[in-house]
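Comments concern the structure below.
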Amino acid sequence: MITQPHHVPERLALLSGAAVDTFLTEGLLRGEQVHSGIDLAKVAEPLPEDDARWWVEPIRSLVEDAMFEFRNERTKADAWLAPRLHATLRLTRREAADKRLWNHLALAVAPDYVVWRHLSESAQRVAAERFRGPSDRQCFSRLWWAAEIFRNGPDYGPVETACGNQDLIHTVLRLGLLDHRPTAQAVVRLLQDGKITTGREVNGLSVAINAAGATLIYDVLAPDEPRDPARLRDWIAEAETAPPVSRHDLPEGPDEDPVPEESLAALTDYFADLFETAPVRGRKSED
Amino acid sequence: MKIYPYKRLSRPITLRVTSVSLKLSDGTRDPLDTSAYSVQEQAVALGVAGHTDWVSATIGLSVTLPPGADAPDAAWSDLRVLAVLTDGETNVRTSTALTRDTEGSHDWSGYLEVLRDDHLGRASLSAYAIGTVDGVRGRSITETDRSWVVDTVSDEPVRGLRLDVRKASFSKSSREWLRAYADAPWLVDTTARVPTVFVNTDIDGIVGLLDSNGSGVDSKVRDLLVAQMATDVWTAVFHGAIGDLEVEPGGGPVFPTDWQGEVLREMLPDVVPGVHVEEALRQVHNRRTGDSGWAELQTRIHYAAVRRADAAKAVGYMIRSLERTNRENET
């Protein structure tokens, strides 16, 4: 298994998709050989220097701790790393949608983590999309977006729950139905209450929510509050002075209002009913 | 046509943008003039005034419901109208309730807030009429049939996909990856936010040619060159989009939510004519991932690209221009 590149940059940068291919070698995808980092540094586009958010060290130390802590159960690293990565790398959604940032993180800063987390035991290979791919596939952006979509205001608790279910963050994220914040929180609550547990159940529920959503507008059943952009900005500005995130306790996210409890309760009940009648692979009908 | 298990209105909602203003970072507001939006294109361009420091945009909306929405014998009650903004790139969904203009009117209006931090490029704006039908709350009774495009960057309200054209010396560019292509006159990058053509300024005279205007042969050669580049772009973008398709578990391929989706929807009717775009996408995906038929499809992909690039027109004008020059030389 590879280690980090010989030269790890001090600051995050942008790496264009067209420049990625040179470094995405067969050796790297097999987890056998990594570039030295020097040539990559030449093609990366720097980010503004006066912004403390782009220091690499806090992220590098997070992924090293994750690899140590979860050395025997790497899929469990997702639920631990997602909230901590999100609270360390404080971004607006606009910034997080720039794939070049994630390319750089995966190729220049922590290729060893990508290989450690995603090397397929059967194929002995990492899928290239884990380095450079859609936001719900790429090793780090999928975690950041899962944290962003599942956090309830400052509370990362739901993120931990959601990331503990691979099907939820692997297949359901891309359907777009979780973009409605109360919907995302209602799905997590069903997981927390033990009403749904297995990946098949998660998939069955998401298909049912999606199908019903073709004729139902969930925004009416469960209205959300408008967001105040200043709260997120303040939290991002605090990155300048924020200490490293705790390895034991969950960090706190931006001080935004949580989903209104009334909306969350109404939607949770509604989904629970929907799930009762939803076809789930492997579930026997009881009547 | 979709079949619904309840009564709906058969005609769509008409949605219009009536005003746009930006809130700047110093707290002031800049109302944008009507050049910021186009009713015909159904597009809003928040970049028209050249501000880079805006915090949010307030878009004034007006909606007209089709006849029958307020019929006394309608199957629904508790009628509401909602404007919804979605962005597949940033997973944002914002909705706002509109209010009826006057008692008994078919027109509803309101304002939608667009946060700058929430979007990188384009978002999509639509409207829904919602009611309680047969005791079920939140049913959509009718909606807009074509959503508006809200572009947070563009300075011109156009719907179609815009290319980004950048000039750079490939051998000396700070984009070091371009150096490997120093002998190419142009390159297409489909991995950027919008497809980008890099024009290599190392090729003597290429910039002058591309910037030429007027009616001489120069400008016809330029148009031909642009058509050639555009053909390359459309072809590359199509292949890029098809290569990145996501497949639903146990289902078919899904349309991408960003500009790649726009490109596919536009080109597929030429690539696989006569079928619905969803079916066309499925067929193309099967051909690429299946055993055969991918090579055969290349001609159709090229055809779709050539049409979009207006190559026939450029060639036609070029030939006529040459004929005229030759005739002038003979006399």
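The values are calculated or read from the model by the stated rules, or taken from the named source; none is laboratory data. Remember, predicted model here, so these are calculated numbers, not experimental data. Here the Cβ positions follow ideal geometry from the backbone for every residue, glycine too, while neighbour counts run over all protein chains shown.
Of the set (1) touching a residue at least 24 places away in the same chain (Cβ under 8 Å); (2) under 28 Å from residue B:152 (Cα atoms), all apply to residue B:244 but (1). If you go through region B:259-277 and pick out every residue that is surrounded by fewer than 19 Cβ atoms within 10 Å (Cβ to Cβ) and within 14 Å of chain A (Cβ to nearest Cβ), you end up with 1. Residue B:212 meets the conditions (1) closer than 30 Å to residue A:41 by Cβ; (2) among the polar types (S, T, N, Q); (3) free of Cβ contacts under 8 Å to residues at least 24 places away in the same chain in every case but one. The failed one is (1). Within region B:270-312, the set of residues being over 19 Å from residue B:241 (Cα atoms) and touching a residue at least 60 places away in the same chain (Cβ under 8 Å) comprises B:310, B:311.
Counting only helices (runs of 4 or more DSSP H) that sit completely within region A:183-287, those holding 2 or more residues that are at the interface with another protein chain (Cβ under 10 Å from one of its Cβ atoms) and within 22 Å of the chain's Cα centre (by Cα) correspond to A:199-213, A:229-237. Filtered by the rule that a residue be under 28 Å from residue B:321 (Cα atoms) and among the polar types (S, T, N, Q), region B:166-223 gives B:200, B:201, B:212, B:213, B:215, B:219. Can you give me the number of residues within region B:189-199 that are at pLDDT 85 or above and within 14 Å of chain A (Cβ to nearest Cβ)? Adding up the residues that qualify gives 4. Only one of the numbered conditions (1) within 30 Å of residue B:192 (Cβ to Cβ); (2) at the interface with another protein chain (Cβ under 8 Å from one of its Cβ atoms); (3) surrounded by fewer than 16 Cβ atoms within 10 Å (Cβ to Cβ) is violated by residue B:94, and that is (3).
For the condition surrounded by fewer than 18 Cβ atoms within 10 Å (Cβ to Cβ), more than 13 Å from every other protein chain (Cβ to nearest Cβ) and in contact with a Gly (Cβ under 8 Å, 6 or more places away or on another chain), residue A:34 does not qualify.
Residues in region A:152-182 that are of a type in the set (Val, Ile, Thr), surrounded by fewer than 20 Cβ atoms within 10 Å (Cβ to Cβ) and away from chain B (no Cβ under 14 Å): A:161 only.
Taking the conditions exactly as written (within 14 Å of another protein chain (Cβ to nearest Cβ), of a type in the set (A, V, I, L, M, F, W, C) and in a loop (DSSP other than H, G, I, E, B)), does residue A:91 satisfy them or not? Answer is yes for this residue. Taking residues in region B:145-156 that are in contact (Cβ under 8 Å) with a residue 12 or more places away in the chain and closer than 20 Å to residue B:89 by Cβ, and partners anywhere that are among the polar types (S, T, N, Q) and not in a loop (DSSP other than H, G, I, E, B), the pairs with Cβ atoms closer than 8 Å and at least 6 places apart or on different chains are B:147/B:124; B:147/B:126; B:148/B:124; B:148/B:126; B:149/B:124; B:150/B:124.
Just a yes or no: is a residue in region B:167-186 farther than 25 Å from residue A:99 by Cβ, in contact with a Gly (Cβ under 8 Å, 6 or more places away or on another chain) and either in the same structural domain as residue B:110 (by TED's automatic domain parsing) or without any contact (Cβ under 8 Å) to a residue 24 or more places away in the chain (or both)? No: zero hits.
For residue A:206, the criteria (1) surrounded by 21 or more Cβ atoms within 10 Å (Cβ to Cβ); (2) at pLDDT 90 or above hold in every case but one, which is (2).
Going through region B:234-250 one residue at a time, which ones are surrounded by fewer than 14 Cβ atoms within 10 Å (Cβ to Cβ) and either more than 13 Å from every other protein chain (Cβ to nearest Cβ) or more than 14 Å from residue A:174 (Cα to Cα) (or both)? Of everything in region B:234-250, those that are surrounded by fewer than 14 Cβ atoms within 10 Å (Cβ to Cβ) and either more than 13 Å from every other protein chain (Cβ to nearest Cβ) or more than 14 Å from residue A:174 (Cα to Cα) (or both) turn out to be B:243, B:250.
If you go through region B:117-164 and keep only what is in the same structural domain as residue B:79 (by TED's automatic domain parsing), surrounded by 23 or more Cβ atoms within 10 Å (Cβ to Cβ) and assigned to a loop (DSSP other than H, G, I, E, B), you end up with just B:119. Consider region B:151-183 and keep the residues that are of a type in the set (A, V, I, L, M) and out of contact with any helix residue (DSSP H, G or I) (no Cβ under 9 Å at 6 or more places or on another chain). The one that is nearest to the other protein chains (Cβ to nearest Cβ) is B:153. Exactly one residue out of B:202, B:244 is of a type in the set (Asp, Glu), outside the structural domain of residue B:91 (by TED's automatic domain parsing), at pLDDT 90 or above and within 30 Å of residue B:176 (Cα to Cα): that is B:202.
Scanning region B:167-204 for residues that are out of contact with any Ser or Thr (no Cβ under 6 Å at 6 or more places or on another chain) and part of a strand (DSSP E or B) yields B:168, B:186, B:187, B:188, B:196, B:197, B:198, B:199, B:200. If you go through region A:1-46 one residue at a time, how many are of a type outside the set (Val, Ile, Thr), in a loop (DSSP other than H, G, I, E, B) and over 21 Å from residue A:57 (Cα atoms)? Here the count works out to 7. Just to be sure, is residue B:186 more than 9 Å from chain A (Cβ to nearest Cβ), at pLDDT 90 or above and either touching an Asp or Glu at 6+ places or on another chain (Cβ under 6 Å) or under 22 Å from residue A:219 (Cα atoms) (or both)? No. Within region A:124-152, residues that are over 22 Å from residue A:180 (Cα atoms) sit with their Cβ atoms under 6 Å from residues that are β-branched (Val, Ile, Thr) and modelled with pLDDT of 95 or more, at 6+ positions apart or across chains, in these pairs: A:126/A:115; A:130/A:114; A:131/A:114; A:139/A:114. Scanning region B:102-116 for residues that are at the interface with chain A (Cβ under 8 Å from one of its Cβ atoms) and part of a strand (DSSP E or B) returns B:113, B:115.
In this structure, residue A:19 does not satisfy being in contact with a His (Cβ under 8 Å, 6 or more places away or on another chain) and within 14 Å of chain B (Cβ to nearest Cβ). Restricting attention to region A:144-182, the residues that are in contact with a helix residue (DSSP H, G or I) (Cβ under 7 Å, 6 or more places away or on another chain) and not in a helix (DSSP H, G or I) add up to 6. Filtering region B:117-143 to residues that are within 8 Å of chain A (Cβ to nearest Cβ) and charged (D, E, K, R) leaves B:117, B:118, B:137, B:139.
Candidates are the residues of region B:115-136 that are of a type in the set (Val, Ile, Thr) and without any contact (Cβ under 8 Å) to a residue 60 or more places away in the chain; the one that is nearest to residue B:24 (Cα to Cα) is B:130.
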